[in-house]
Amino acid sequence: MNTNVDYKHPAYNEFLPEWDMIGDCVDGERVVKSKKEKYLPHPADNECEDDKGNERYKRYLARASFLNATGRTLSGLLGIAFSKPVKISISGDVEYLETDIDGQGQPLTQMIRDALSQNLQRGRAGLLSDFSGSGIQSEANKGRSYIRLFTAKEIINWRVTNGKTSLVVLKYQEPVDTDDFELQMQNNWIELRLVNNVACSRRWYEDGDIKVTEWVVLKDAHGIPLRELPWSWIGSMNNDHTPDAPPLADIAYVNIKHYQAEADIAESAHTVGQPMVALTGLTDDWVKNYMSDGFTVGSRKGVLLPQGGDMKFAQPEDRNIQITLAERREKQMAMLGAKLVERGTSARTATQAQDEAQTDNSVLSLCSGNVEQAVNRALNFCIQFEGGGEATIELNKVYDIAKLDSQAITALLAALQSGTMRLIDFVKYLQSINIIPQDEKPEDVIEEIELSRANSMM
């Protein structure tokens with residue numbers, strides 16, 4: 001039997017480093033610094049010779065400062081996207097999904113937030129509609145339907161045949177139940193495959209070696225096999241199998257370059273930042289006779305100098321190329337963040353033109369619309385599994401902030417990214433211009449945003 005279930009699609013391997021980099025930036029300084037030379041190269045040209053004990057690099061890393069512009073931008077975008085509540089209409093046999101979408105008590109609204117967070121970070125995610133129980137539908141005990149969100153890193157392989165998704169392989173980890181207290185994680189894979197045009201599923205798991213369960217035919221409530229996989233793609237551009245460019249990628253790349261510039265600034269400040277006394281016009285005899293014990297700077301006693309001698313303070317200028325470069329990076333990150341919420345001017349498809357009043361065609365709006373479409377598709381599969389009910393959701397895709405000019409949006413996000421404006425003040429400002437309802441507590445809005453970020457950091 002073929003057991004290479006852990007095979008990674010070539011596109012997965014291509015995008016994985018970028019996904020990791022964005023996720024690390026969102027996680028912040030602790031994670032970025034833990035990756036050491038991955039993001040902050042050694043300052044020495046020949047580190048083996050110039051820094052044998054790696055002590056210089058340790059101090060270089062400790063002095064470096066990472067400005068989490070990527071994570072703050074994500075929080076700001078989520079605050080804008082969910083400035084108005086998600087419209088949810090669920091009734092009948094699937095009504096329970098609104099309060100418990102994944103079988104573990106997660107509300108539907110929270111999964112939607114997590115999905116949008118993933119879409120903004122990595123431009124890719126997916127939703128599996130299934131029955132509870134390790135992702136496998138069982139005829140003996142079907143249980144209840146649910147929807148599970150999978151991140152881009154968990155979707156390791158896929159295949160499209162005749163325009164239809166015919167294979168999806170999902171890899172995830174879950175703890176093993178043991179008698180001791182040590183946390184042990186087990187690798188698991190869910191294989192979704194069209195076999196003779198019938199949707200089938202099986203689970204692979206690692207128990208010493210890789211083992212697999214029997215195939216299960218996925219059927220609706222009437223026992224009719226599904227002709228398509230109960231899988232819904234999420235993308236930043238299109239909801240298809242092709243990985244899209246992550247919306248936050250450009251900001252994350254500049255964020256790392258800013259981090260490197262800040263490290264060089266801190267290194268320069270430590271090395272040559274303090275004023276240094278420079279004496280000129282001295283002869284060897286004068287130094288021997290009058291300064292054999294050195295001299296004191298800042299005392300009441302002066303320094304004797306010969307005729308033609310001079311004393312100066314040598315110190316680098318306040319402005320240098322590293323500082324200029326760091327400030328330039330900050331402006332770039334603010335500009336890139338503004339581009340994500342600015343009203344789009346690109347050409348629209350016929351379908352997009354019909355929805356003119358419901359979207360501003362910004363990157364954030366398009367990402368929200370794709371999440372909405374994918375969730376509705378996933379809910380439709382649940383209706384098929386249950387045999388009845390109605391379920392639709394609608395996200396707000398028109399943001400009043402997009403009506404501001406480019407400079408205003410850039411300045412606002414620059415303040416948020418740099419930390420000069422707190423997230424709570426950002427939320428209060430959005431309330432003042434009626435982007436976020438004024439009757440909501442800013443603390444509650446922030447809690448929801450931070451929860452979405454925490455749940456999506458995988």
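Derivation of every value follows stated rules applied to the coordinates shown; laboratory data play no part. It should be emphasised that the depicted structure is a prediction, and the values quoted were computed from it without experimental measurement. Every residue, glycine as well, gets a Cβ built from its backbone with ideal geometry; the counts of neighbours run over all protein chains shown.
For the stretch 195-248, the set of GluC sites (Glu not before Pro) satisfying both a DSSP loop assignment and a count of at most 13 other C-beta atoms within 10 Å is given as Glu214. Fully extending the segment from Lys87 to Asn4, taken as 0.36 nm per residue of separation minus the present Cα-Cα distance, adds 25.6 nm. When each of Tyr253, Tyr96 is scored by the number of other beta-carbon atoms lying within 10 Å, the sequence from fewest to most is Tyr96, Tyr253. PRE reach from Gln173 (point 7 Å along Cα→Cβ): which of the stretch 189-217 fall under 14 Å by backbone N? In the stretch 189-217, the label zone of Gln173 (backbone N under 14 Å from the point 7 Å along Cα→Cβ) covers 189, 206.
For the pair Asn196 and Asp425 in one chain, pulling the backbone fully straight at 0.36 nm per residue adds 76.8 nm over the alpha carbon distance.
Straight-line reach from Lys312: taking Cα to Cα under 21 Å and skipping same-chain neighbours fewer than 8 places apart, the lysines in range are Lys288, Lys301. With Cα atoms defining each centre, the stretch 60-86 and the stretch 176-207 are spaced 34 Å apart in the structure. Other residues lying with their Cβ under 11 Å from the Cβ of Asn238 contribute a combined charge of -1, Lys and Arg counting +1, Asp and Glu -1. Modelled label positions at Trp215 and Arg30, each set 7 Å beyond Cα in the direction of Cβ, lie 4.7 nm from each other.
Calculate the FRET efficiency for Asn162 and Leu16 from the Cβ-Cβ distance with a Förster distance of 30 Å, rounded to the nearest 0.05. The pair Asn162/Leu16 has a calculated efficiency of 0.60.
From the Cα gyration tensor of the stretch 78-133, with a ≥ b ≥ c the square roots of its eigenvalues, which class applies: rounded if a/c is under 1.5, or else prolate if a/b is larger than b/c, or else oblate? It is oblate, given that a/c is not under 1.5 and a/b is not larger than b/c.
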